[in-house]
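What follows is one structure encoded as structure tokens, with my remarks underneath.
The values are calculated or read from the model by the stated rules, or taken from the named source; none is laboratory data. Owing to the predicted nature of the structure, the values given are computational and were not obtained by experimental measurement. Cβ: placed from backbone, ideal geometry, glycine included. Neighbour counts: every protein chain shown.
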Amino acid sequence: MGWSLHHPHGLVYHAPQYCHRGYTLFANLRGFDANLIDMEGRICHRWHWPGGINYANLLPNGNLLFMSLAPDEKLPMTGIGGHTGGLVELDWDGNPVWELENPWMHHDFQRLDNGNTLALVWEEMSSDMTFRVKGGFATAEDPVQMLGDVVREFTPSGEVVHEWKSWEHLDFDADVICPLEGRREWTHGNSINVTADGDYLVSFRQTSTVGIVDRESGRFTWKWGPGEVSHQHNPSFLDNGRVLLFDNGSHRRAPNTNYSRIVEIDPANNDIAWDYRGEPAISFYSYQISGAERQPNGNTLICEGATGRFIEVTSGHQIVWEYINPLFADSGRLAGGSSSGRANSVFRAHRFSPDDPALAGRDLDPAKYGNLNRILGTG
């Protein structure tokens, strides 16, 4: 979606009788703060971290778990989207309670019920395997060892107790890199989730693939996407057994134009049970990042990431809440920024019900941030 400098920001629209009421958490891509806003778009709580906050989520105890900014040192993944410095956990008041530095981590994580943390990690593949990967465009700077995606489970002390190396279970003929993408990495994993059975739900942007991986055997039990979605993000497993995801739509195959949509796919038969797209289609578009989250009332919270726009839509495709992030950070031009690199881009957003355990007994009075809310036009 595009707009001029005169386009409204903050809360744009709110039909409370149709919304799932709650508090929405987001952080500017490559910013230093995570914000919790109410349905009126007012900041009710925020966390700050000098090492930066790329993407954050709330834990049931009210702590904030997030990926920090990437280090300045030159590494094989430097400059690739999603690069971070590792994981940090802050308590409600912003005090650090846990940190795991690892510049090979990227994009996504999940805290498990056993207290361990699942994260996406890059690892260099062998030169022989790199040579066998198909697709992408070649440059003189291409590495001899391409980066591959690994899912690792870390204990609180940082010990790795389980890992899944994607390239050991991929198909050189089927898992082909988009011809408009480079060859620094094979798959560019951008999401990791755990199903009710403990298996992994993964998303690979480079190959436009989502899949469910059996945790014990490492084999894919379901894999879908090429030709159907394009450079998707944030698949999540729904209670009805389907998978919800953000289909970014960049590099979509002709004769289709580039547009984004939300897709609810049934892994049992690969039928698309529901989707959402803009009207006209180009009015809803984020060529990278972004996400979608099903709400308890059946609505879907959507983060149109590159433009910093959040909308809540009903199953009948009606927008009942719209908010445009008024905060900017040095996210870079590729994340939707201006020529200066400043952008309001957001990797993903989450909404928490007022009775969520993470918010129990918390002070969520927006008056604490009255001056900031007034400056942002939401006070």
query: Does the stretch 345-361 contain any residue that is surrounded by fewer than 17 Cβ atoms within 10 Å (Cβ to Cβ), without any contact (Cβ under 8 Å) to a residue 12 or more places away in the chain, of a type outside the set (D, E, K, R) and out of contact with any Asp or Glu (no Cβ under 7 Å at 6 or more places or on another chain)?
result: yes
Matching residues in the stretch 105-140 - criterion: being part of a helix (DSSP H, G or I), out of contact with any helix residue (DSSP H, G or I) (no Cβ under 9 Å at 6 or more places or on another chain) and closer than 24 Å to PRO226 by Cα: THR130, PHE131, ARG132
- prompt: What number goes with the only condition from (1) more than 23 Å from TYR276 (Cα to Cα); (2) surrounded by fewer than 19 Cβ atoms within 10 Å (Cβ to Cβ); (3) out of contact with any helix residue (DSSP H, G or I) (no Cβ under 8 Å at 6 or more places or on another chain) that GLN145 does not pass?
  reply: (3)
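Output the residues belonging to the stretch 79-104 that are in a strand (DSSP E or B) and within 28 Å of LEU147 (Cβ to Cβ). Before you say what the answer is, go through the steps one by one.
Of the residues in the stretch 79-104, the ones in a strand (DSSP E or B) are 83-90, 96-101.
Passing the criteria: HIS83, THR84, GLY85, GLY86, LEU87, VAL88, GLU89, TRP98, GLU99, LEU100, GLU101.
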message: Could you check the stretch 29-56 and list, in sequence order, the residues that are assigned to a strand (DSSP E or B), of a type in the set (A, V, I, L, M) and within 17 Å of PHE328 (Cβ to Cβ)?
response: ALA34, ILE37, ILE43, ILE53
task: Count, please, the residues in the stretch 133-177 that happen to be over 30 Å from ASP113 (Cα atoms) and of a type in the set (Val, Ile, Thr).
output: 5
- prompt: Residues of the stretch 268-306 being among the acidic types (Asp, Glu) and touching a Phe, Trp or Tyr at 6+ places or on another chain (Cβ under 7 Å), which ones?
  reply: GLU304
task: Select from the stretch 148-179 the residues that are in contact (Cβ under 8 Å) with a residue 12 or more places away in the chain, surrounded by 12 or more Cβ atoms within 10 Å (Cβ to Cβ) and among the aliphatic types (A, V, I, L, M) and list them in ascending order.
output: VAL150, VAL151, LEU170, VAL176, ILE177
task: Tell me the strands (runs of 3 or more DSSP E) entirely within the stretch 197-287 that contain at least 1 residues that are among the acidic types (Asp, Glu) and under 17 Å from the mean Cα position of the chain (by Cα).
output: 243-247, 261-266
message: From the list VAL313, VAL320, exactly one residue is free of Cβ contacts under 8 Å to residues at least 60 places away in the same chain and not polar (S, T, N, Q). Which is it?
response: VAL313
- prompt: Between residues in the stretch 230-242 that are more than 28 Å from GLU181 (Cβ to Cβ) and residues that are modelled with pLDDT of 95 or more and assigned to a strand (DSSP E or B), which pairs lie under 9 Å by C-beta distance while being six or more apart or on different chains?
  reply: LEU238/LEU244; LEU238/GLU264; LEU238/ARG294; ASP239/ARG294; ASN240/GLU264; ASN240/ASP266; ASN240/ALA273; GLY241/ASP266
task: Mind listing whichever residues of the stretch 330-379 are of a type in the set (Lys, Arg), at pLDDT below 90 and within 19 Å of the chain's Cα centre (by Cα)?
output: ARG333
query: Here are some conditions: (1) at negative phi; (2) surrounded by fewer than 20 Cβ atoms within 10 Å (Cβ to Cβ); (3) at pLDDT 95 or above; (4) not hydrophobic (A, V, I, L, M, F, W, C). ASP108 meets all but one. Which one does it not meet?
result: (2)
- prompt: Restricted to the stretch 112-123, and to residues that are buried (at least 17 other Cβ atoms within 10 Å of the Cβ) and out of contact with any Pro (no Cβ under 9 Å at 6 or more places or on another chain), which residue is nearest to ILE289 (Cα to Cα)?
  reply: LEU120
message: Based on this model, can you work out whether ARG294 counts as at pLDDT 95 or above and within 23 Å of ASP197 (Cα to Cα)?
response: yes
Number of positions in the stretch 110-133 that are basic (Lys, Arg) and within 26 Å of the chain's Cα centre (by Cα): 1
query: Hey, does the stretch 250-272 have a residue that's at pLDDT 95 or above, hydroxyl-bearing (Ser, Thr, Tyr), surrounded by fewer than 21 Cβ atoms within 10 Å (Cβ to Cβ) and closer than 28 Å to GLN17 by Cα?
result: no
